[in-house]
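Following: one structure in structure tokens, then a few remarks.
Quick note: the coordinates plus some simple rules give every number you see, no bench work behind them. Note that this is a predicted model, so its numbers are computed, not measured. With ideal geometry, Cβ positions are generated from the backbone for all residues, glycine too; neighbour counts draw on all protein chains shown.
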Amino acid sequence: MTNQTATSAKEKYASVYEYSNQVLDLIAKQDITKEEAAWVTRQTVENFRDHVNPGFLQYRKSVTKDTQFASVEWKDSGLNAFQDVNGKEYIDCLGGFGIYNVGHGHPKVKQAVINQMNRQALHSQDLLDPLRAMLAKILADVTPGDLKYAFFGNSGTEAVEAALKLAKMYSSRTTFIATTKAFHGKSLGSLSGTAKGVFRKPFLPMIPGFKHVHFGDIDMMRKTFEACAMTGEDVAAVILEPIQGEGGVNLPPEGYLQAVRALCDEFGALLIFDEVQTGMGRTGKMFAAEHYDVVPDIMCLAKAFGGGIMPASATIASEKVFSSFFENPFMHTTTFGGNPLACAAAIATFNVLIEDNLPQRASELGDYMLKGLREAAANYGDKVMEIRGLGLLIGVEFHNDEIGYEVSKGLFDNGILVAGTLINAKTIRIEPPLTLTYEEADKVIATFKKVLGEVKI
Ligand SMILES: *Cc1c(COP(=O)(O)O)cnc(C)c1O
């Protein structure tokens, strides 16, 4: 190494060290001054532009009515709201697309994670780790039917990958039936099940064997099963969300899921329910499957599974199906999946959901909000096409994207965050923490009405 490169490496490390110190000091702070807030905002916007992806600055709600670039978030504000760096508070009706079922930073979940972290954050990977075993037992007890064995991952897409591999391993078949408007994640396996063309097209071909049928169309599914059987491409599994989230909160037609279950049984295929978004009390029961009395062979959980504190996911299956992984448990593994912090968070999350009766609360508050939002939109049939949902998974469909975007932006300016972006705003989702108060719900409904009146079309 020449002297000059040695010096410049030294300088580089010195500046990285200094910058990281600045950031560490910031992390240690709960509240920041106006000057610090300005620095954070500038750093965030510049570094998104130069080092993350400038595309986000356009798509995120990065410019608001009163302040340029107000929307750099900073901290939780109670269970149901958060604050941006300037101290502006937002009621969280997006709920991180369904990760905050027990609220932002629930004290019991947080404490469980802190306690576990103080003892041991990650495990040796070699000995048996206790919390994985205990969480798996809890899952077996809390999930419907004979679901019994669990594999843990870190994200929804990983939960789906595990489900697909398990179905292949069990059945020695390679065909999957998925549905239009489905969302299962964006890694290559789960993306094969995901339906949205814009996310799939650049990455074609997907893994072979995926057929998509219209969600809700049982005749099309039957015909697809029959055609697959006739051509020797027997179906390993059907994968679907019992209620589609990302696709715009689409409820299954009456009897649909039961009929899908029957078709799977008739053709010897497995049924995979992706409950990544609908699970953990979201729709008014612990799992959406319970609304329809249908037991899947494999179920995927993530998002709220980690209690809004830790990334965590699970793929849980019946013994009959999961036993294909018994002989060699290393057929599908991940280093961080099911780590002690994630398991501590998930165990505490079930504890809180049960203690505070949150599925029931989601059901009642969901009915209340659905009714309130529909009444608020009653005179705006020219803007709102339909409001639908179950529990606290609510979709507001507008006549077009622009109206949806303007409404979600209007709500944002008034301190309410909903899922609606520049690229996908025809249906905005309202998925608040299940801990939302009735007062907060009233504020959301009143603001929705006000904004509907203000939006020009
Ligand atoms: C969000 C979501 C996923 C993907 O989860 P990630 O954690 O983002 O990978 C999969 N399925 C459903 C139903 C989802 O809502």
Report task. Hand me the GluC sites (Glu not before Pro) from segment 216-280 located in a DSSP loop with no more than 16 other Cβ atoms within 10 Å, in residue order please. Result -> Glu233, Glu254
Query raised in the report: Over the chain, what is the percentage of antiparallel beta bridges among all DSSP beta bridges, to the nearest 5?
Result: 65 percent
Query raised in the report: Ranked highest first by the average count of other Cβ atoms within 10 Å around their residues, in what order do 150-159, 12-21 fall?
Result: 150-159, 12-21
Requested in this report: Take the alpha carbon gyration tensor of segment 358-454, find the square roots of its eigenvalues, order them as a ≥ b ≥ c, and report rounded if a/c is under 1.5; if not, report prolate when a/b exceeds b/c, else oblate.
Outcome: prolate
Report summary line: Residues meeting the amide H criterion for His106 (H placed from the backbone, H to H distance under 5 Å, 5 or more places apart or on another chain) are none
Report summary line: Of 194-202, 118-126, ordering from highest average Cβ density within 10 Å down gives 194-202, 118-126
Query raised in the report: Where the centroid of each part is defined by its Cα atoms, how far is segment 3-24 from segment 324-398 in Å?
Result: 45 Å
**Report entry** In Hz, Karplus ³J(HN,Hα) per residue of segment 123-134 (6.51, -1.76, 1.60; θ = phi - 60°; x = Gly, Pro)
**Finding:** 9, 5, 6, 10, 6, 6, 9, x, 5, 4, 5, 6
Report task. Run the numbers on segment 107-355 and let me know its relative contact order in percent, using alpha-carbon pairs under 8 Å that are six or more apart. Result -> 29 percent
Requested in this report: Rounded to whole Hz and in sequence order, give me ³J(HN,Hα) for segment 365-376 from the Karplus expression 6.51 cos²θ - 1.76 cosθ + 1.60, θ = phi - 60°, writing x for Gly and Pro.
Outcome: 5, x, 4, 4, 5, 4, 5, x, 5, 5, 5, 4
Report task. Fewest Cβ neighbours within 10 Å first, please rank His399, His104 accordingly. Result -> His399, His104
Report summary line: Counting only residues 5 or more apart in sequence or on a different chain, those whose built amide H sits under 5 Å from that of Phe82 are Ser77, Tyr90, Asp92
**Report entry** Sum of -39500 (n - 2.57) over DSSP H runs of 4+, divided by residues of the chain (222 nm, nearest 500)
**Finding:** -13500 deg cm²/dmol
Query raised in the report: Please state the relative contact order of segment 76-174 as a whole percent: Cα pairs under 8 Å, 6+ residues apart?
Result: 13 percent
Query - Hz values of 3J(HN,Hα) by residue in segment 384-391 - Karplus curve (6.51, -1.76, 1.60), Gly and Pro given as x - result: 9, 8, 7, 10, 9, x, 8, x
Query raised in the report: Given a cut-off of under 8 Å on Cα pairs at least six residues apart, what relative contact order in percent is computed for segment 303-457?
Result: 19 percent
**Report entry** Over 29 Å between alpha carbons, listed pairs Lys285/Lys443; Lys34/Lys371; Lys285/Lys320; Lys108/Lys196
**Finding:** Lys34/Lys371; Lys108/Lys196
